[in-house]
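Visitor: The structure that follows is given in the form of structure tokens.
Just so it is clear, none of the values below were taken in a lab; they were calculated from the coordinates. Note that the coordinates shown come from a computational prediction; the quantities given were computed from them, not determined experimentally. Here the Cβ is made from the backbone with ideal geometry for all residues, glycine too, and neighbour counts use every protein chain on show.
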Amino acid sequence: MEKTAFQLKLLFLCISHTLLHVYTNLPLALLPILIGEYELSIIQASIIVSIPRAVSLVFSVPSGLFADRLGHTKLISFSLFLNVLAVFLLFFIQDIEIVVLSFSLIALASTFYHPSALSATSNISPSDFLSRALGFHGASGTFGISLGPITLGLVLNWLGWRFIYLIWAGPIFLIAVTALFVNVDEDREEDSEERKKKRLTTPLRDVMSTTFLSLISLMLFASAASGTISTYLTTYLTESKGLDAGLASIVFGLSPLIGLTSVIVGGYVGDKIGWRKSLTLIVSTVTIALFLMFISTSTAQTVSFYLVYGFFNIMTMPITTSLVAKIVPEKSRGTAYSLQFIPESIIGMVMPIVLGVLINLFEIWIIFPTATIFFVIVLFVTQIIRID
């Protein structure tokens with residue numbers, strides 16, 4: 001019975017994670033389309049991508065504190081309803097300012113969702129299944145990330161890009177309502193009021209260790225490397241390789257789709273050979289694939305090496321999230337997971353603008369050597385940080 005309850009809760013968390021993420025990469029996939037539709041410069045487009053990340057950064061720590069104090073189920077439901085609100089605004093009001101607001105609400109939904117969902121997943125999982133449970137949860141999110149750009153590519157030339165948001169709004173609304181009736185919070189022995197008092201004072205103190213800050217530094221460089229490629233990949237494929245915007249979006253979505261397997265494999269490898277060896281092997285492979293993608297002469301080669309790059313890059317996800325669960329007390333994991341996403345928010349806010357400047361100075365190919373440098377730094381940091 002206990003095993004069945006765990007499986008049902010994990011299934012719910014996975015479904016909610018999939019639906020949350022169908023909108024995640026759509027702004028990046030839409031970048032060349034938005035540039036043409038609203039006559040944006042590359043710098044203006046970069047700012048549009050950066051603003052939602054800034055919103056995420058502001059609410060990163062509060063989202064974790066709320067998760068640890070209020071419980072996970074409420075915030076999961078709230079985050080999904082935010083997505084529905086964003087779609088309503090985006091579909092009925094077409095001003096560029098509303099586009100930015102909608103993108104920001106979707107980013108905010110993700111910010112509130114992840115501390116609660118990751119904490120719930122780690123809390124309900126047996127210790128010997130932790131990395132794999134987080135791997136399954138990560139895989140479901142990866143599946144959602146792939147569904148957005150792929151379905152965009154399929155309907156873009158028939159219905160227009162806004163309809164892809166409307167198509168997914170119904171399932172998201174249903175799972176948001178379902179979340180109101182599903183309890184993924186584990187029962188505690190101590191009184192709930194006593195827990196709330198403790199959660200107001202202990203999470204940041206529990207989390208802010210040298211070990212955790214070392215892990216955050218690793219994630220900062222990893223986010224910079226990955227974000228450099230993901231931000232402008234569709235623009236690179238359309239401008240340098242001549243792909244149709246719809247086809248470029250499908251290619252962009254194929255990488256996380258293939259990553260469904262790699263997330264689970266990454267969790268298994270992390271459990272078996274340890275985090276340091278697994279990250280070293282994975283990031284080395286990613287760096288090589290990125291270099292081959294840069295020097296490839298045909299579109300087919302570029303796409304092939306991108307898929308290899310994406311497969312191995314996504315393998316790191318369950319390894320880093322399981323490290324957070326292992327080094328932070330259970331009652332403070334919501335705060336820890338919210339802090340985990342701060343590097344991603346900072347990079348997502350700053351890097352598009354920096355890359356926009358570099359692209360203006362050079363050309364869009366500059367994203368490849370830039371990302372390679374960051375991945376080399378990740379390899380170096382992996383060898384020197386101390387995480388027991």
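Visitor: How many angstrom separate the Cα center of region 20-50 from the Cα center of region 227-282?
Guide: 19 Å
Visitor: I've got another one for you. Roughly how many Å is it from the Cα centre of region 140-169 to that of region 296-320, as a whole number?
Guide: So the separation of the two Cα centres works out to 21 Å.
Visitor: Just to confirm the number: angle between the C-alpha axis of helix 275-295 and the first principal axis of the chain, 0 to 90 degrees, nearest 10?
Guide: 10 degrees
Visitor: Loop-only check: which chymotrypsin sites (Phe, Trp or Tyr not before Pro) in region 32-104 are DSSP coil with at most 14 other Cβ within 10 angstrom?
Guide: Passing sites in region 32-104 are Y38.
Visitor: Between L247, L174, L323, where does the largest GNM mean-square fluctuation fall for the chain, given springs only between Cα atoms within less than 10 Å?
Guide: Comparing L247, L174, L323 in a Gaussian network model of the chain, the most mobile one is L174.
Visitor: Could you give the angle, 0 to 90 degrees to the nearest 10, between helix 342-361's Cα long axis and the longest principal axis of the Cα atoms of the chain?
Guide: Roughly 10 degrees, rounded to the nearest 10.
Visitor: How far apart, in nm, are the 7 Å Cα→Cβ label points at I387 and W158?
Guide: About 4.4 nm separates the two model spin labels.
Visitor: Where in region 311-388 are there GluC sites (Glu not before Pro) that are in a DSSP coil and have at most 13 other Cβ atoms within 10 angstrom of their Cβ?
Guide: Hits after loop and neighbour filter: E363.
Visitor: Taking 0.36 nm per intervening residue step and subtracting the Cα-Cα distance, what contour gain separates F294 from V357 on full extension?
Guide: Taking F294 through V357 to full extension adds about 20.7 nm, to one decimal.
Visitor: If you count, for each residue, the other Cβ atoms within 10 Å and average over each peptide, how do 270-277, 347-354 line up from highest to lowest?
Guide: Sorting 270-277, 347-354 by mean packing, highest first, produces 347-354, 270-277.
Visitor: What's the extension gain from I327 to F59 if we count 0.36 nm per residue and subtract their Cα-Cα distance? Could you put the intermediate results ahead of the total?
Guide: Numbers: separation 268, 0.36 × 268 = 96.48 nm, distance 2.30 nm.
Separation in residues times 0.36 nm, less the Cα-Cα distance, equals 94.2 nm.
Visitor: If one takes the longest principal axis of the Cα atoms in the chain, at what angle in degrees, from 0 to 90 and to the nearest 10, does the Cα axis of helix 96-124 lie?
Guide: That helix lies at roughly 40 degrees to the long axis.
Visitor: Of the trypsin sites (Lys or Arg not before Pro) in region 322-388, which ones lie in a loop per DSSP and count no more than 15 other C-beta atoms within 10 Å?
Guide: Listed in order of number, the matching sites are R386.
Visitor: Working out 0.36 nm times the residue gap between L11 and E37, then minus their Cα-Cα distance, what length gain in nm do you get to one decimal?
Guide: 5.4 nm
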